[in-house]
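Just below is one structure, and these are the notes that go with it.
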Amino acid sequence: MLGIVRGRIARGGVNASSLQKIRNQSLIYASSRSYSSASKEMTVRDALNSALDEEMSADPKVFVMGEEVGEYQGAYKISKGLLEKYGPERVVDTPITEAGFAGIGVGAAYHGLRPVVEFMTFNFSMQAIDHIINSAAKSNYMSAGQISVPIVFRGPNGAAAGVGAQHSQCYAAWFGACPGLKVLAPYSSEDARGLLKAAIRDPDPVVFLENELLYGESFPISAEVLDSSFCLPIGKAKIEREGKDVTITAFSKMVGYALKAAEILAKEGISAEVINLRSIRPLDRSTINASVRKTNRLITVEEGFPQHGVGAEICACVVEESFEYLDAPVERIAGADVPMPYAANLERMAVPQIEDIVRAAKRACYRSVPMAATA
Amino acid sequence: MAIWLRRSRSLAHYLKAEIGFWKVPNQRSFLNPCFFNPEKSSSTTLTGENYGNPPSFLGNSPTLFGSRRFESIKSGREELDLEDENGGHQNQAMDFPGGRISFTSEMKFISESPRERIPCYRVLDDDGLPIMHSSFVEVSKEAALKMFSNMVTLETMDTILYEAQRQGRISFYLTSIGEEAINIATAAALTPHDVVLPQYREPGVLLWRGFTLQEFSNQCFGNKADYGKGRQMPIHYGSNKHNYFTVSSTIATQIPQAVGAAYSLKMDKKDACVVTYFGDGGTSEGDFHAGLNFAAVMEAPVVYICRNNGWAISTPVSQQFRSDGVVVKGKAYGIRSIRVDGNDALAVYSATLAAREMAITEQKPILIEMLTYRVGHHSTSDDSTKYRPVDEIEHWKTARNPISRFRKWVDKNGWWSDKDESELRANVRKQLLQAIQVAEKAEKPPISNLFTDVYESLPSNLCEQEELLRESIKRHPQDYPSDVPV
C-alpha cells in the first residue's frame, strides 16, 4: 500500500494537477445556500466513511488510528471497510491508551505523516488532552514553524441517549478556547464530508466533533458533494435558513432542533435565520454579526454546559461588534449546569429541546419596541 | 535446597492419593499466603504439626499461617513434575489467548526484588583503563578526540551560561554537568538521519550534530536570530536541519511521540531510527507506559535512552520507583534492554551503536538505562544542596567525572596532552564569551513573531490584532520599549 501514488485518486477521475482547480470550483458550489436539487441521500456515517476513504486513497500519508477502528470496523462503524482496503499499516488498532495513541499520532505528524486519530468519544480525549493541547496545538508556535502537526482528532462529542455523565459532555468550548487548534462541528452529511476532507488536508491540528445521534441520520446530497475533491472552507458558517426577525446560531445536532424551531416560529409569524456554525474555531464572526445586524436579535443554542460555553463567546463578539444593532439581550440556550443524568426523563430536561428554542426566540421578539413583528 | 526438593518429591507422591484433601478444605487456606522461609531447616512434615495448614511440599514452615508476607523460594523457574498414578504428567501446557503457557503446581510468586540487581555494562574502569575482556567497539583517535572535545565544550558551555543566568543576563538555564558522556557518546553512535526527540538535558546531541555556540546563545537570549523566534524559555533548542525536535517542557510526552515518528520511518522503510531521551523521573509518567507498550506492539524502531541520574529535582530514585531501576521495566513490555555505565563514554558509545543496529535491522524498540549522576542542580531555579549532601555531589563531580575518566583513556593512548587541554578550554571559553556578547547585543525578534505560526497561515483575527497593536504603538510610543523592533 506504500505504492499508492498521489495521482491514483479513486473517484471522479481527476488527476492531481487539476485537483486544485476543481477544489476551487467546488468551494463556489459549496457556499451556495441551498441544497441543489438532488435525489440522492446519504447518512452522516457514510459521509464520514467516504471522506476517510477518499482522503486515504489520495494521500498515502493519511492513516487512521484508534480503538476498534480496524477489525471491529470502528466503534460506530465510521471506519468500516478501511482495514480491508488499506491494510493494518494504515488502519491501526491501538491498545487502550488515549494518551498513548494521541502522543503517537502527534509524533507521527511531527515526522510528516497525516494521522486521523479517533477517540471513542471525546470524553476519553481528556485522558489525552495534554498531547492535544501541549504537543499538537502549541508545537508549530513553540518550534517557530519547524514542527507542523497535520493531525485530525475525531470522534463523537456531546450527549447521546442514556449514556450518563462520563459519556455525554460537549467539548466544543474547551477545545475552542485554544489557539493553535481548529475545531469543527459538522451537522449534515455535506458538512461531514466537506469538513472532514478539509480537516485532513489542513496543515494544522484539527479537532473534529461529530455526534453519535447524527451518524444514522440521512441528508439529501448533491453531485458536487459526492465528488472526491469536494471540500468545505474552514471558518465559514452556513446560513441554513434565511430569516429577518431573529438569528439562531447552533452547531451539530442543535442545528436540526433550531431548524425545527424555525418551522414552528414561522407558523407564528416569526421569521428566524438559522446559522449552522460548522466551525467553532475559527468562529465565523462576520457571518454572525452580519446576520444580527439584519435581524437585531440573537439566540445561541448549544448542548454543552452554559458557563464559558460557545454561546458566551458568540454573545461577547456580537456585543463587541454589533452592540448598537441589538434590540434585545442575547440569550444563550445551553445544557443544564449539571453532569448529565441517566434516567430518560432527567436527561431530556438536561439538554435543550425544540420548545426551549421557540420560547427564547419569542422572548427575544417580544422584548422589543412595540412596532417590531409580533404575533 | 536439594534436600528440600527430594523431600518434597516424596511428600508429593504421598499426597497424590490425598489430592482431594487439600483441594476442598484448604481452598480458603490457599488464599492465605503462608510464610515461606527457605533458610529454616527443612524438618517439617505433613503429619501432625501442620494439619490444617497448606501442605509443606509448598514450603518449609508455614507456621506463620495467615501472615501476608511471603518470599519466593528461589528465583528462576522450577517446576515440580508430578507424576500421577497412571504415569502421565500433571504439568501440562494450555492455550490461553496470548499463547501457550505451561502449568506448575508450585505456587510461587515472582519476587519483587531480585537477590541480584541487573549488572551494569562498562568498558573503562574508574581510572580510564579498559577492563580485561570487555567487549566494545573500537574508536579511532579522530573519533575519540572529537568526542572528548565535544564533552569539554558542553561542560564549558554549561558552566558559562549557568553563570550568565546568575548574572541576570538570561532568565533560566539548566546544565548537563555529569552527563556529558551520555550526551556526546550517544550522539556519536547515531547518524544525522536518526531523529532525536530530547527531554531537555541533552543539548550535547545537538552540539555534536553541529549546532554552534552562537546558535545556542541566540536561543538562550531569545534574539532575532533564535530559530525559535523568541517563543520559548532558554534551553528549549530545536532544529529541523539537525533532526532534533524542539525541546518541550512537559515530561515524557516525547516517549509516545517517538513511536509515532518511528512509525513514519518504518512506513518509509528508512535506514534510520528514532532516539528519545528521558530521565528516571520521566519513567513514572503514564506516557512512558503507553509509549513503551505501544512501541513493542507496533514494532517501532525506537531507541529509548533513560538517563537515570538518581534525582528528579529533589525526588531520589528510591521515591520514584521500587523496581530495580528502569532496565527491568523493558522486559515487562517485551522490549530488549540493557543497563550501561552512563559515565563511561566507550560503553555508552558501544551500547548505543548496537542498540541502533538492532532497532533498525530487527525493527523493534530497545531500552538503554544509563546510570549516571546529576551533578548540577535541576536548573537555575533549584539549589540541590538543600536536599542532598554536598560531599555526595563533590564525589560525583570529581572522582566519578565522565570527562576526566575518558581523558585518562585518551591520554594513555598518547592522543592528548595537558597543553592540548588548556588550549581547548581557553578556545572554547573565548568563543562562547564572544557568542554570548553577540547574542546579548543582538536585536530582539520583531512583533510580527507574536502572531505567526499559531497556524500554518495567519488567520484574519490575528491579522486584525496585529494591526491594532501596531496602531496602539504608533499612538503611544512612550509606552513601548524602545529596544524592541516593531
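Values quoted throughout were computed directly from the atomic coordinates according to the rules given, and no laboratory measurement underlies them. Computed from a predicted model, the values in this text were never measured in an experiment. FYI the Cβ positions are ideal-geometry reconstructions off the backbone, even for glycines, and counts take in every protein chain you see.
Between residue B:321 and residue B:163, the FRET efficiency estimated from the beta carbon spacing at R0 = 35 angstrom works out to 0.55.
A simple spin-label model places pseudo-atoms 7 Å from Cα toward Cβ; at residue B:138 and residue B:426 they are separated by 3.6 nm. Anyone know which of A:281, A:193, A:241 comes out most mobile in the 10 Å Cα GNM of chain A? Of A:281, A:193, A:241, the most mobile in the Gaussian network model is A:241. If you average the alpha carbon positions of segment A:39-57 and of segment B:320-348, how far apart do those two centres end up, in angstrom? Result: 48 Å between the Cα centres.
Of all the options A:223, A:128, A:361, the one that moves most in a Gaussian network model of chain A with Cα springs shorter than 10 angstrom is A:223. The simple Förster model, with R0 at 56 Å and r as the Cβ-Cβ distance, assigns residue A:293 and residue B:249 a FRET efficiency of 0.80. When chain A is treated as a Gaussian network with alpha carbon springs shorter than 10 Å, the biggest mean-square fluctuation among A:155, A:103, A:335 belongs to A:103.
DSSP beta bridges fully contained in segment B:141-441 are about 10 percent antiparallel. Across peptide A:109-120, the average count of Cβ atoms from other chains found within 10 Å of a residue's Cβ is 4. On C-alpha positions alone, give me the angle between the axis of helix A:285-295 and the longest principal axis of chain A, in degrees, nearest 10. Here the helix axis deviates by roughly 20 degrees. Within 10 Å of the Cβ of each residue in A:91-101, the mean number of Cβ atoms contributed by other protein chains is 5. Is segment B:224-311 best put as rounded, prolate or oblate by its Cα gyration tensor, with a ≥ b ≥ c the root eigenvalues, rounded for a/c under 1.5, and otherwise prolate when a/b is larger than b/c, oblate when not? Oblate.
Taking only the Cα atoms of segment B:141-441, the radius of gyration and Dmax are 18.4, 53 Å. Report, in deg cm²/dmol and to the nearest 500, the calculated mean residue ellipticity at 222 nm for chain A, where each DSSP H run with n ≥ 4 adds -39500 (n - 2.57) and the sum is divided by the residue count. Rounded to the nearest 500, it is -10500 deg cm²/dmol.
Find out how many positive minus negative residues lie around residue A:163, taking Lys and Arg as positive, Asp and Glu as negative, among other residues whose Cβ is under 12 Å from that of residue A:163.
-2
From the alpha carbon centroid of segment A:186-212 to that of segment A:237-263 is 20 Å.
Taking a straight line from the alpha carbon of residue B:444, these lysines sit under 29 Å away, with near neighbours fewer than eight places off in the same chain left out: A:138, B:224, B:229, B:241, B:430, B:474. In terms of distances greater than 24 angstrom between alpha carbons, the cross-link table entries A:40/A:61; A:244/A:267; B:331/B:364 yield A:40/A:61.
Centroid-to-centroid, using Cα positions, segment A:288-345 and segment B:380-439 are 62 Å apart.
Quote the FRET efficiency, to the nearest 0.05, computed for residue A:165 versus residue A:363 with a Förster distance R0 of 35 Å and r equal to the Cβ-Cβ distance.
In this case the efficiency is close to 0.75.
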